[in-house]
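What follows is a short report on a single structure.
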Protein chains: 2
Amino acid sequence: MNNGISLKELAAELNLAPSTVSRALNDSYEISEATKKKVISMAEKLNYQPNPFARSLRENKSKTIAVIIPERINYFFSQVIDGIEEITSEHGYHLLVYSTHEDVEKEKKILSLLQNGRADAIVMSVSSQTSDVSHLKRLHDRGLPILFFDRICSEIPTTKFITNDYESAFEGTKHLIQQGCKKIAFLMLSKELSITKERHRGYVDALKMAGMEPEPAFSLHCCHSDEDNTQLIRELLLSSNRPDGILSSVEKLALATYQAVKKTNLSIPDDLKIISFSNMSIAGLLNPSLTTITQPAETIGEECAKLLIKKLTKPRQPDLLNQVITIPSKITIRESTLVR
Amino acid sequence: MNNGISLKELAAELNLAPSTVSRALNDSYEISEATKKKVISMAEKLNYQPNPFARSLRENKSKTIAVIIPERINYFFSQVIDGIEEITSEHGYHLLVYSTHEDVEKEKKILSLLQNGRADAIVMSVSSQTSDVSHLKRLHDRGLPILFFDRICSEIPTTKFITNDYESAFEGTKHLIQQGCKKIAFLMLSKELSITKERHRGYVDALKMAGMEPEPAFSLHCCHSDEDNTQLIRELLLSSNRPDGILSSVEKLALATYQAVKKTNLSIPDDLKIISFSNMSIAGLLNPSLTTITQPAETIGEECAKLLIKKLTKPRQPDLLNQVITIPSKITIRESTLVR
DNA sequence: TTGTAAGCGTTATCAT
DNA sequence: ATGATAACGCTTACAA
């Protein structure tokens, strides 16, 4: 396609040297106001657009940020990306978005594509299969700024944004106990995930505080397939020693639970109460409406982006601090944990 | 950050000229098998990664496709992007994803950022505010391949992928009539949208076929705000001449209807039946479960990508044909249109 | 204040 | 079969 005119052509049109035009467009102090004006108006007239690749090559910056998420069909991640884009677009950054589909091999492939400077930084949430982190470490060691959110990677010394996973899970479990649950199960995607660990700790501690012993069989390890998860949960619900409460550490497992319950003669909340981490706007429209722990997704995205922009645009910024920044979630109680 | 070694450095390591190394890596016929092997193994050993910007600058190709959607928190668009990525990633293409948030000014800004070759092609669905299409035309005239899906732009002579909007809306409306609805309303985002026009035609024709006259007040023109839409729909439902059936041309308006109904003493499906275009996997978990017209989102994405890849990778391809390709939707009947 | 020239990392053309 | 060189479009020393 026709990319329009180049700086050189624009300069020829103005009878100026390319360097002068470049400086004028970049508002250099060494160019007179008069020529600046001339240059800018001609640039507009001819609709001059700088070639991003020439610039990137020269400056060794891409003005692009890579966002890597485990799945795209997910309210939480969509909201986070909206938050990121909100900030980065104002600063002229572009977003390359990749989904790993919870597949660590895809994750590795994507990271290897980002070794060559195509993106100036990475914002990511790891896949549920990620336990070996050498592919992440490699890029971080090279000096590529990486920032984690939600599903973080503690081995990489960088900044991570999470919600108060431990407390939320603790409070959620406590709520189930207060609503009369005696046998509470915990649904998780993968034991490796940071969010699983933290949320599970909160769950266990809340049980213990109430004098209840966490049963190993009640910590259900699910997978990526909705059908399989529904089946797994259904089996749990049909077992002789079935739970009467569920804390779901991710949204999709709550939905799988709803599907599973439909295939039994149990009912929510009478036979089973459930609370779940979820960012669905329509949790209130489910049957029954779902009690949720909602993460501040958009804020998380914005905060990631703000920090990154600071790091990328201010000269000689220090490395991203090895710290975890926590933004609290919000519990909304609905019918799925109701006593009646 | 450290981008690794360059072709020149790799060449020096091998005591070869950069051009030779380049040719070896690009599997040129003029290079001996022996040197090819040497080069490739050394490139692997030193983890050589070609600089994408140097390559883009030289070849005038970005290996990048821009995807522009009106909103990110949307099952349909997320699925379409999954479909696109599925195909394009196999061919080494990267995806820049932009959301317009239904704002035509943002849309214009994004398109102007794409004037300079940053992406080799655009796949998009226009915002609900888009009626003047000069910003799209400008890029198309420059020769940038643009492909539309769902919310298409008939003024631009290129390939468009849609679902059978007219027929689906016709069948959906017919279904409502068969379920006993006498006064059927149509919910839409914007009159300008291609999908609105087609779906509305289907709605009107189904009414007429049943000998019913479409009431103007029953074609409800909604906006981007969920709260405002809920209020608008609530007013319609509380009016003296209220509808007993609704065809919602987009998912979010069906959800707004559910919210609106909650604020009345009406009930679905007894007082009001509703069918909606929707790609929610959990339509069956709503209260009541929602009768849907589901678009083949992932397939649409895949087909867009396949066509684009063909256009971009085969040399001297003709322009994208000015045609509309239709992939049918699927109606799933659930409780929201039940007679009881 | 403006111009000249080098260089970013590739690939293609033209030698050898 | 391989090497030297120019060019893609931009920015930045260095000159003037």
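The residues of the stretch A:1-24 that are closer than 13 Å to A:ASN47 by Cα, surrounded by 17 or more Cβ atoms within 10 Å (Cβ to Cβ) and either among the hydroxyl-bearing types (Ser, Thr, Tyr) or within 6 Å of DNA strand D (Cβ to nearest atom) (or both) amount to a single one, A:LEU7. The number of residues in the stretch B:167-192 that are in contact with a Lys or Arg (Cβ under 8 Å, 6 or more places away or on another chain) and more than 18 Å from B:PHE218 (Cα to Cα) comes to 2. Any residue at all in the stretch A:231-254 that's in contact with a Cys (Cβ under 9 Å, 6 or more places away or on another chain) and over 30 Å from B:TYR258 (Cα atoms)? Checked against the condition, which is being in contact with a Cys (Cβ under 9 Å, 6 or more places away or on another chain) and over 30 Å from B:TYR258 (Cα atoms), the stretch A:231-254 yields at least one hit.
Just need a number here: residues in the stretch A:189-205 that are under 22 Å from the mean Cα position of the chain (by Cα) and either without any contact (Cβ under 8 Å) to a residue 40 or more places away in the chain or closer than 21 Å to A:ILE333 by Cα (or both). Of the residues in that region, 7 qualify.
Where strands (runs of 3 or more DSSP E) fall entirely within the stretch B:180-283, those with at least 1 residues that are loosely packed, with under 15 Cβ neighbours inside 10 Å are at B:219-221. The residues of the stretch A:238-252 that are more than 19 Å from A:GLN178 (Cβ to Cβ) and in contact with a Ser or Thr (Cβ under 7 Å, 6 or more places away or on another chain), listed by number, are A:LEU238, A:SER249, A:GLU251. So is B:GLU44 of a type in the set (D, E, K, R), away from DNA strand D (no atom under 12 Å from the Cβ) and over 26 Å from A:LYS61 (Cα atoms) or not? Taking the combined requirement at face value, the residue does not satisfy it.
Name every residue in the stretch B:115-139 that is closer than 11 Å to B:ILE68 by Cα and free of Cβ contacts under 8 Å to residues at least 60 places away in the same chain, in order of residue number. Listed by number, the residues that qualify are B:ILE122, B:MET124, B:SER125, B:SER127.
Restricting the first member to the stretch A:23-50 and to residues that are among the basic types (Lys, Arg), and the second to residues that are within 14 Å of DNA strand C (Cβ to nearest atom), the beta-carbon pairs closer than 7 Å and six or more apart or on different chains are A:ARG23/A:GLU30; A:ARG23/A:ILE31; A:LYS36/A:ALA24; A:LYS38/A:LEU14.
Residues in the stretch A:229-251 that are closer than 16 Å to A:THR337 by Cα and either out of contact with any Gly (no Cβ under 6 Å at 6 or more places or on another chain) or at pLDDT below 95 (or both): how many? Reasoning before the result, please.
Step one: filter the stretch A:229-251 for residues closer than 16 Å to A:THR337 by Cα, giving A:243-249, A:251.
Filter again for either out of contact with any Gly (no Cβ under 6 Å at 6 or more places or on another chain) or at pLDDT below 95 (or both), leaving A:243-246, A:248-249, A:251.
Residues in the stretch A:229-251 being closer than 16 Å to A:THR337 by Cα and either out of contact with any Gly (no Cβ under 6 Å at 6 or more places or on another chain) or at pLDDT below 95 (or both): 7 in total.
On the basis of being in contact with a Cys (Cβ under 7 Å, 6 or more places away or on another chain), within 18 Å of A:LEU114 (Cβ to Cβ) and either crowded, with 18+ Cβ neighbours inside 10 Å or not assigned by TED's automatic domain parsing to the domain that holds A:LYS106 (or both), does A:ILE84 make the cut? When the stated conditions are applied, A:ILE84 passes them.
Looking across the stretch A:160-171 at every residue that is polar (S, T, N, Q) and crowded, with 23+ Cβ neighbours inside 10 Å, the one that is farthest from the other protein chains (Cβ to nearest Cβ) is identified as A:SER168. Residues that are under 19 Å from B:GLU9 (Cα atoms) and near DNA strand C (Cβ under 8 Å from one of its atoms) within the stretch B:22-48 comprise B:SER22, B:ARG23, B:LEU25, B:ASN26, B:TYR48, listed in sequence order.
Condition test on B:ASN279, is it within 14 Å of chain A (Cβ to nearest Cβ), at pLDDT below 95 and closer than 21 Å to A:TYR75 by Cα?
So B:ASN279 fails the test.
The values are calculated or read from the model by the stated rules, or taken from the named source; none is laboratory data. If you're wondering where the values come from, they're calculated on a predicted model, not measured in any experiment. Using ideal geometry, Cβ is built from the backbone for each residue, glycine included, and neighbour counts are taken over all protein chains shown.
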